[in-house]
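A short write-up of the structure that comes next.
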Amino acid sequence: MAQPGRRQAPIEPWQQPGAQPFLRICNVTKTFGQTYAVDDVSAEVYQGEFFSLLGGSGCGKSTLLRILAGLETPDRGRIVLGGEDITDLPPYERPVNMMFQSYALFPHLNVAQNVAFGLHQERMARGEIADRVAAMLDLVQLKDYGRRKPDQLSGGQRQRVALARALAKQPKLLLLDEPLGALDRKLREQTQFELVGIQERIGITFITVTHDQEEAMTMSSRVAVMDAGRIVQVATPAQLYEFPANRFVAGFIGAVNLFDGRVSQQQGEDLVFHCEALGGDFLMYHGDPLPIGTPVTVAVRPEKVSVHDTRPTDRRNAVHGKVVEIAYLGDVSIYHVATDHGQVVRIQITHEARYSRPHYSWDDELWLSWDPDDGVVLTA
């Protein structure tokens, strides 16, 4: 039984046998001329998820979001929402609403009127509109701001008005296009938690588009990483970080060291790979056997690299190098260490005490090591 006052671990329906997806994206393709903006994309989203489409500019994430909204028509493929094929439905007939990056508030209307706009379009009764608007403004903590105009609000307040307007029509699915892109860093971090809290309270399925990996990792139940019009991996934030599917995901999600080499030996569930840039053979855990000579990339996160003043005698994976770059970030220091054979390794050391200073200086000679299961062996 959960302890009083403590949140229970979230349910993960995608891991439950027999669970039915709320949204199915089935082999969707969209081209503009000769360019594939979305290339045979399939994905499943479950009821109540906060699902993110993450990728760089031009990867296809915004086009896919517009297809879900009905603002673009796919060349091929289907969109099924709650068991209903909505591929050919116009936007106004879909149980879907969209919150745009620009917020698109009407400057001549006050906050309450902006929130009520879509409800008036649906000819809802005046009393119901008033009740719905009050509930939405209370939800986004703006109940005393109903008479203000958008230009009398801060960026974060305008963002919440846009969210209240999008939620007022009680859509089954809410789409958010770079919802925090216009906010400064501190406000963006605060708003991330507010958005998650609101989504959990109302239970509506959210799909957001972002290029900000930190934003996606903070808010999402799962993340779909996109590249060149395709989804390359769908996973929880922790799975993306610790078990990337390929070199692209490993490099896109967080900081990482990528060591290129070839398999030289298989030892049960471990393999030995030879890396010229590190100057030797290194042992890594990898449950699936690979043929000798297979090209691989080993991904090791900076915080998983240990630092020693002398060569460690209890570590199989150890390299010698010299500090060439230092960045002090307050909570951590980042070091770039050039190994004797030319590979630059990024390491991260946390400052646990208040008066912590960078532990090392430029040109300090160090030994670096990591355990066989601290990295991921990638073949793609």
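Can you tell me the length gained on complete extension of the stretch Ala228 to Tyr285, counting 0.36 nm per residue apart and subtracting the Cα distance?
Details: separation 57, 0.36 × 57 = 20.52 nm, distance 3.06 nm.
This chain segment gains 17.5 nm when fully extended.
Determine the dipole magnitude for the stretch 92-146: charges of +1 sit on the beta-carbon of Lys and Arg, -1 on that of Asp and Glu, nothing else is charged, the reference point is the Cα centre, and the result goes in debye to the nearest 20.
Details: 5 positive and 6 negative charges, 18 e Å.
Taking the Cα centre of the stretch 92-146 as origin, the dipole is about 80 debye.
Using all C-alpha to C-alpha distances in the stretch 255-378, build P(r) with 10 Å bins and read off the rounded percent in each one.
That works out to 14, 44, 30, 11, 2, 0, in percent per bin.
What is the magnitude of the charge dipole of the stretch 260-355 about its Cα centre, with +1 placed on the Cβ of each Lys and Arg, -1 on the Cβ of each Asp and Glu, and no other charges, expressed in debye to the nearest 20? Don't skip to the end; give the middle numbers.
On the way: 9 positive and 13 negative charges, 34 e Å.
For this selection, approximately 160 debye.
Just want the ordering: His336, His286, from fewest to most Cβ atoms lying within 10 Å of their own Cβ. Before the final figure, lay out each step's value.
Details: His336 16, His286 22.
The most exposed by this proxy come first: His336, His286.
Please give the helix 126-139 orientation as an angle from the longest Cα principal axis of the chain, in degrees from 0 to 90, rounded to the nearest 10.
It is inclined by approximately 20 degrees.
Let me have the relative contact order for the chain, percent, based on Cα pairs under 8 Å that are six or more residues apart.
14
Could you tell me how many degrees, from 0 to 90 and to the nearest 10, lie between the Cα long axis of helix 111-121 and the main elongation axis, the longest principal axis, of the Cα atoms of the chain?
70
Per-residue ellipticity at 222 nm for the chain, helices alone: DSSP H runs ≥ 4 residues times -39500 (n - 2.57), over residue total, nearest 500 deg cm²/dmol? Could you put the intermediate results ahead of the total?
Values: 8 runs with 85 residues, N = 380.
The helix-only estimate for the chain comes to -6500 deg cm²/dmol at 222 nm.
If you average 1/r over every pair of different alpha-carbon atoms in the stretch 91-140 and take one over that average, what Kirkwood value in Å do you get? Intermediate values should be presented prior to the final figure.
Numbers: mean 1/r = 0.0833 Å⁻¹.
12.0 Å is the Kirkwood radius here.
Identify, among Gly33, Val80, Pro95, the residue whose Cα sits farthest towards the positive end of the charge dipole of the chain, taking +1 on the Cβ of Lys and Arg and -1 on the Cβ of Asp and Glu, with the dipole about the Cα centre.
Positive-most Cα among the choices belongs to Pro95.
Be a star and scan the stretch 179-194 for residues whose amide nitrogen sits under 17 Å from the point 7 Å along the Cα-to-Cβ vector of Phe100.
179-183
Between Thr310 and Asp373, what is the FRET efficiency for a Förster distance of 35 Å, r being their Cβ-Cβ separation, to the nearest 0.05? Before the final figure, lay out each step's value.
Working: r = 24 Å, r/R0 = 0.68.
So the FRET efficiency works out to roughly 0.90.
Considering only Cα-Cα distances, which of the following residue pairs are longer than 32 Å: Lys61/Lys169; Lys30/Lys172; Lys30/Lys169; Lys186/Lys322; Lys30/Lys304? Before the final figure, lay out each step's value.
Numbers: Lys61/Lys169 25 Å; Lys30/Lys172 24 Å; Lys30/Lys169 29 Å; Lys186/Lys322 35 Å; Lys30/Lys304 41 Å.
The answer is Lys186/Lys322; Lys30/Lys304.
Report the one residue of Leu258, Leu173, Ser42 whose Cα lies farthest in the direction of the positive end of the charge dipole of the chain (charges on C-beta: Lys and Arg +1, Asp and Glu -1; origin at the Cα centre).
Leu173
Using a simple charge model, +1 on the beta-carbon of Lys and Arg, -1 on the beta-carbon of Asp and Glu, nothing else, what dipole does the chain show about its Cα centre, in debye to the nearest 20?
1640
Tell me, in nm to one decimal, what length is gained between Trp14 and Ala338 on full extension, where the rule is 0.36 nm per residue of separation less the Cα-Cα distance? Walk me through the intermediate numbers first.
Values: separation 324, 0.36 × 324 = 116.64 nm, distance 4.28 nm.
Using 0.36 nm per residue and subtracting the Cα-Cα distance, I get 112.4 nm.
Mind listing the Cα extents of the chain along all three principal axes, in Å, largest one first?
Largest first, the chain extends 77, 52, 52 Å along its Cα principal axes.
By its C-alpha gyration tensor, with a ≥ b ≥ c as the square roots of the eigenvalues, how is the stretch 1-130 shaped: rounded for a/c under 1.5, else prolate for a/b larger than b/c, else oblate? Intermediate values should be presented prior to the final figure.
Details: a/c = 1.75, a/b = 1.06, b/c = 1.64.
It comes out oblate by the Cα gyration axes.
Applying 1/(1 + (r/R0)^6) with R0 = 35 Å to the Cβ-Cβ distance of Asp212 and Asp364, what FRET efficiency is obtained, to the nearest 0.05? Please report the intermediate quantities before stating the final value.
On the way: r = 34 Å, r/R0 = 0.97.
About 0.55, to the nearest 0.05.
Grab the beta carbon distance between His320 and His351, set R0 = 30 Å, and tell me the FRET efficiency rounded to 0.05. Don't skip to the end; give the middle numbers.
Values: r = 25 Å, r/R0 = 0.83.
That pair, His320 with His351, gives E of 0.75.
For Thr35 and Gln265 in the same chain, what is the full-extension length gain: residue separation times 0.36 nm, less their Cα-Cα distance, in nm?
Details: separation 230, 0.36 × 230 = 82.80 nm, distance 4.26 nm.
Contour length minus the Cα-Cα distance gives 78.5 nm.
Quick note: the coordinates plus some simple rules give every number you see, no bench work behind them. From a predicted model like this one, the values you see are computed outputs, not experimental measurements. So basically every Cβ, Gly included, is an ideal-geometry build from the backbone, and we count neighbours across all protein chains shown.
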